[in-house]
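So the structure is just underneath, and the comments pick up after that.
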């Protein structure tokens, strides 16, 4: 019976994609400066551990259809650009139909470039239904909404000096299991001074202030609390080496909270994003971070992450990529410690500017000393994307 259902889903998915290629609306231009695109995708994904449970793993096949649209404003008109994209995910599970869900996403991104001032910003809203090492329950997925907004600017004071600042906001609000998982809001304000060391490299000196408001839950009986953090840092950006570009900041982070019984804390802080162009076809990206955080149930954490990914352009049609990641999450209010691992391989095929097809494998693991928080998951997927 499962094999018949799998074949039926595959045929339906293929038919939908063929129909989209034939009947999709053409590119729409509004005047000389605005374009509307259709962005759609369909995928089949198999997961060995849908609920990411430590025991009693349940596998299933998920079919996802994601129609969406993108509006671009500012093409060739001025030094201002705006892009608004929206997507509606329809997820259908082969066996566990009670997990079927529709999820809405919308995002706006804008930028401005002047003679001295550069600005960029974004606003996004996403509906989610998933589980991870931060928040998971037995035999179910957690529903929550995320909202984010940020504005960053840089003003050139002189040929050698520039000043950068901004504002970012993020929130996470749970729709299910609200008595267990803690809603939170975070505001971050960076302040940086950049000095041009060479025409290709800038040095940076700065500080970043962050404040996080966390709501109370049954597992967080001390009530609502606020966590404040400062990151004093120095770093560099630009073409750091002949084949190495990117930026890094290293320094000291402090944390203070009004939570009962919590003490002021400090640690080494780090943010880095580096790209190594090993060959014209092979590129490797390294990401590093060390920061304070908040767990799904509202507990304070110290989080260290490293992510390594490589992409290889086989030819004008095919590309391959691989990724490795590790995160250490130390809960400072308890003895819980989580080690998270992930690895993936992907092959992509783009026959033209409209269509893209890909397949991949992902391995995820959370190793925790808390009972019920560890899991392993293997995922395989086939995805087709149309942009027109």
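The values are calculated or read from the model by the stated rules, or taken from the named source; none is laboratory data. If you're wondering where the values come from, they're calculated on a predicted model, not measured in any experiment. Here the Cβ positions follow ideal geometry from the backbone for every residue, glycine too, while neighbour counts run over all protein chains shown.
Data table
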{"quantity": "Evaluation of residue 158 against (1) under 24 Å from the mean Cα position of the chain (by Cα); (2) at pLDDT 95 or above; (3) assigned to a loop (DSSP other than H, G, I, E, B) (one fails), failing number", "calculated": "(1)"}
{"quantity": "Matching residues, the range 227-250, being surrounded by fewer than 18 Cβ atoms within 10 Å (Cβ to Cβ) and within 17 Å of residue 291 (Cβ to Cβ)", "calculated": "228, 230, 232, 234, 247, 250"}
{"quantity": "Cβ pairs under 9 Å, 6+ apart, first in the range 154-171 and touching a residue at least 60 places away in the same chain (Cβ under 8 Å) and at positive phi, second in a loop (DSSP other than H, G, I, E, B) and surrounded by 14 or more Cβ atoms within 10 Å (Cβ to Cβ)", "calculated": "none"}
{"quantity": "Top-ranked residue of the range 251-273 - restricted to ones that are touching a residue at least 40 places away in the same chain (Cβ under 8 Å) and in a loop (DSSP other than H, G, I, E, B), ranked as surrounded by the most Cβ atoms within 10 Å (Cβ to Cβ)", "calculated": "259"}
{"quantity": "Residue satisfying condition, being closer than 24 Å to residue 230 by Cα and out of contact with any helix residue (DSSP H, G or I) (no Cβ under 8 Å at 6 or more places or on another chain), within set 325, 360, 287", "calculated": "287"}
{"quantity": "Filter result (over 14 Å from residue 309 (Cβ atoms), in a strand (DSSP E or B) and without any contact (Cβ under 8 Å) to a residue 40 or more places away in the chain) within the range 345-363", "calculated": "347, 349, 356, 357, 358, 359, 361, 363"}
{"quantity": "Residue count for the range 312-329, restricted to those that are over 18 Å from the mean Cα position of the chain (by Cα) and surrounded by fewer than 17 Cβ atoms within 10 Å (Cβ to Cβ)", "calculated": "8"}
{"quantity": "Residue selected from the range 277-290 under the condition buried (at least 16 other Cβ atoms within 10 Å of the Cβ) and over 16 Å from the mean Cα position of the chain (by Cα), by the criterion farthest from residue 337 (Cα to Cα)", "calculated": "283"}
{"quantity": "Count of the range 93-111 residues which are more than 20 Å from residue 43 (Cβ to Cβ) and part of a helix (DSSP H, G or I)", "calculated": "1"}
{"quantity": "Hey, residue 342 at negative phi and free of Cβ contacts under 8 Å to residues at least 24 places away in the same chain or not", "calculated": "yes"}
{"quantity": "Complete set of residues in the range 234-244 that are farther than 24 Å from residue 191 by Cβ and either in a strand (DSSP E or B) or modelled with pLDDT under 95 (or both)", "calculated": "239, 241, 242, 244"}
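The rows are residues; the columns are (1) exposed (fewer than 15 other Cβ atoms within 10 Å of the Cβ); (2) over 24 Å from residue 266 (Cβ atoms); (3) out of contact with any strand residue (DSSP E or B) (no Cβ under 9 Å at 6 or more places or on another chain).
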{"position": "164", "(1), (2), (3)": "no, yes, no"}
{"position": "170", "(1), (2), (3)": "no, no, no"}
{"position": "174", "(1), (2), (3)": "no, yes, no"}
{"position": "180", "(1), (2), (3)": "no, yes, no"}
{"position": "184", "(1), (2), (3)": "no, no, no"}
{"position": "188", "(1), (2), (3)": "no, no, no"}
{"position": "191", "(1), (2), (3)": "yes, no, no"}
{"position": "200", "(1), (2), (3)": "yes, yes, no"}
{"position": "208", "(1), (2), (3)": "no, no, no"}
